[in-house]
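Some notes on the structure that comes next.
The values are calculated or read from the model by the stated rules, or taken from the named source; none is laboratory data. Please read all numbers here as calculations on a predicted model, not as lab measurements. Counting neighbours? That spans all protein chains shown, and the Cβs are built from the backbone with ideal geometry, glycine included. Only protein heavy atoms, including side chains, enter the accessible area calculation; ligands, DNA and RNA are left aside. Shrake-Rupley method; radii C 1.70, N 1.55, O 1.52, S 1.80 Å.
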Amino acid sequence: MPKARKQQISLDDTRYYHCVSRCVRRAFLCGQDPYTGKCYEHRREWVQERLLSLTQVFAIEVIAFAVMSNHTHAVLYVNVDKAHSWSELEVIEHWHMLFTGNAMTRRFLIEEERDEMESWELHRVEQLVTLYRQRLADISWFMRTLNEFIARKANKEDNCSGRFWEGRFKSQALLDEQALLSCMAYVDLNPIRAKMASTPEQSDHTSIQLRIRAALAGKQPARLKAFDVEDIENCTLPCHLNDYLELVEFTGRALREDKAGHITKGTANLLARLEIELDNWMELTQGFEYQFHHLAGREHSIRQCRQADGLKRIRGSTNAKRLLA
């Protein structure tokens with residue numbers, strides 16, 4: 001029996017999650033439909049732009065993403081501290097970027113009208129702010145505002161109605177940095193495995209392409225969570241950007257049959273630091289989504305999480321022990 005979404009997402013266990021959404025009946029979301037010849041390539045830009053724009057509204061950051069022909073991947077970080085740091089006014093301003101709120105929240109945004117509001121109205125606004133703050137740090141609300149927007153736009157273009165996505169999105173909790181980095185590489189290399197691109201920089205509508213383009217200018221993408229090993233206390237990603245780019249490049253070469261794989265110095269150091277064997281790394285980055293259930297990480301990370309939840313059965317422990325020991 002599937003687990004309830006509230007049991008799959010626990011910010012006490014981790015703030016990192018891998019989310020996958022698939023089109024109904026695996027229909028084409030983007031790209032060229034080989035059966036009808038119709039081109040849906042422009043929809044990939046819809047997904048990318050909507051996904052990244054939502055980071056300006058929610059207290060949720062995008063770490064990695066890939067927009068494929070009939071599904072999307074997103075690795076997300078829930079920045080709870082950021083949500084808690086917002087004032088009441090900031091929470092309402094963020095909420096109104098997507099939703100209309102109500103008459104009281106709209107009045108609250110206008111200083112002159114806010115000063116004239118009665119105490120019961122201010123109390124009601126305070127209750128709404130609490131609700132909005134919670135939703136703005138909620139992955140389910142984030143994915144809902146992404147997928148509903150795309151579904152409505154695609155159905156309008158196709159002049160049809162009905163379900164567009166295969167139910168709700170799939171969620172995997174990434175419990176440690178081993179799970180996080182291998183999942184990121186898995187997502188970033190999706191177009192190469194699918195033969196949609198030959199190199200990471202040619203992988204359109206992926207986070208790795210954005211990171212490479214920004215790196216060439218000595219920067220990091222503004223709307224993606226940053227790498228900076230010197231700033232881990234401020235919730236940046238747990239390695240240098242150059243290490244990660246080298247690791248993805250090596251892994252992508254090893255995936256291709258026409259090129260001999262080799263490990264650069266930076267990549268070897270990163271794998272050694274994560275204590276992941278090369279063969280296991282290759283297996284993870286070719287099928288991460290299918291190696292774990294809703295929890296992903298080393299065996300002791302999964303065990304600690306399950307014990308904290310008061311559950312005895314530990315699904316995924318076999319692959320965790322085999323691949324991330």
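Of note:
- Phi to ³J(HN,Hα) by Karplus 6.51 cos²θ - 1.76 cosθ + 1.60 over the stretch 106-115, Hz, x for Gly, Pro: 5, 5, 4, 6, 9, 4, 5, 6, 4, 5
- With the simple model of a label 7 Å out from the Cα in the direction of the Cβ, residue 89 to residue 193 spans 4.8 nm.
- Scoring 55-63, 196-204, 153-161 by mean Cβ neighbours within 10 Å over their residues and listing the highest first yields 55-63, 196-204, 153-161.
- Sequence ranges 117-129, 37-49, ranked by mean other-Cβ count within 10 angstrom, highest first: 37-49, 117-129
- Per-residue SASA entry for residue 213, accessible area with 1.4 Å probe, Å² rounded to 10: 140
- In the context of the full set of protein chains, residues of the stretch 119-222 present 48 Å² of accessible surface per residue (probe radius 1.4 Å, heavy atoms only).
- For residue 226, residues with placed amide H under 5 Å, excluding near neighbours: 237
- Net charge, residue 248 excluded, C-beta distance under 11 Å - Lys, Arg +1, Asp, Glu -1: -3
- Dipole of the stretch 6-160, positive end: most advanced residue of 96, 131, 54 [Cβ charges, Cα centre]: 54
- Dipole size of the stretch 46-170 about its Cα centre, with +1 on Lys/Arg Cβ and -1 on Asp/Glu Cβ: approximately 820 debye, rounded to the nearest 20.
- Counting Lys and Arg as +1 and Asp and Glu as -1 over every other residue whose Cβ lies under 13 Å from the Cβ of residue 129, the net charge comes to -1.
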